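Q: For reference, the structure I am asking about is given below.
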Amino acid sequence: MMFLSQAQNVGTGGILYPIVRVFGWVIEAIYHGLAAVGIHNVGLCIILFTLISKLILLPLTMKQQRSMKIMQAAQPELNKITKKYRNKKDQASMMRQQEEMQKVYDKYGTSPTGGCATTLIQFPIIMALYYVIRAVEVYIPQISNDVKTIGTSIYELIPGLNIQDTPGFKLSIMMIVPVLSFIFQLLSAKTSMASTQTDENTPGAGMTKSMMYTMPVMSFFMCITLPAALGIYWAASALFQYIQQVAFNYYYDHADMDKIIEKSREKAAKKKKKKGPSLYEKMLGAGAPSDQPQGNSIKKGANAKSTRNINYSGNSKGGIASKANVMNRKKGGK
């Protein structure tokens, strides 16, 4: 309760205040570390804080990237199934489609919500980082004393660029913040899209492409209308995200995806053995023994067709689709 009361008083996080407080200690330690070597600069402190926050989130980001890459490998097969049932809207067909898609997910050791959990975990952390930057003076009390002894120059990242000021719609050195934020956001979005989208028929591909330009534009206008401290945080975050994505793309371009998928499949099988089929799988009857051999390796190049063209019969034992099909045949008198 004390945490919540303090958060409401300073307006920095609400129920996220415990996480915000931890990051507050981190940014305070960075500031004191810089001060120990004679550097009193809040803007540089924010940049280093952003870098450290990216390193803290790196394990979650790596997990998310791996999930996205595996889903990308599975996407051509999922697209074929979607195309196969495109004009079939009856219940039996829709259930068969879901069963066939579940077999693909099992084959690759992934799920339609594979990266969602990681994203949901990251969201409160990212929000906590935002609250720390928004009230940086609250978490670094030393700033008030340094302003009295050193002056407001501690707020200048470079001469003329005071992080407390708002760039506004006027031509000045302050415009460098929204411009850099736009550039880095666009580079990050382009690199991320290049790593995950290869087929324009993939569901959501059009929206993803649209967002690639929408987010940088939104970032630009937000950086114009908000204090430069937040703009520096967003620009630095986008820059580090871009560097991370380049590194991930390079790694996965040279990685053996067969081994990555095999490990993912083994991990998913162990998890299912321990916890049993999910509610979604039980509804589809996917918990029943599958005809799909689990030992198949996902091959590249010319051998792709021999391993990826699996016979998706949709007749999983006990599945709702098979029962629905029988009922439809009875109703039709066949």
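Every number here is computed from the coordinates shown, using simple stated rules; none is lab data. Small disclaimer: the values here were computed from a predicted structure and weren't measured. So basically every Cβ, Gly included, is an ideal-geometry build from the backbone, and we count neighbours across all protein chains shown.
Q: Need one number: the % of Cα-Cα pairs in the range 2-257 sitting beyond the 22 Å mark.
A: 63 percent
Q: I'd like the Karplus ³J(HN,Hα) series for the range 250-265: coefficients 6.51, -1.76, 1.60, θ = phi - 60°, whole numbers in Hz, and an x wherever there's a Gly or Pro.
A: Residue by residue, the range 250-265 yields 4, 4, 6, 5, 10, 7, 8, 5, 4, 5, 5, 5, 4, 5, 5, 5 Hz.
Q: Here's another thing I want to ask about it. To the nearest 0.05, how large is the calculated FRET efficiency for Ser153 and Tyr252 if R₀ is 45 Å and r is the Cβ-Cβ distance?
A: 0.50
Q: Then there is this: For the range 147-163, take each phi angle, set θ = phi - 60°, evaluate the Karplus expression 6.51 cos²θ - 1.76 cosθ + 1.60, and give the result in whole Hz per residue in order, putting x for glycine and proline.
A: 4, 5, 8, 9, x, 6, 5, 5, 8, 9, 5, 9, x, x, 10, 8, 5
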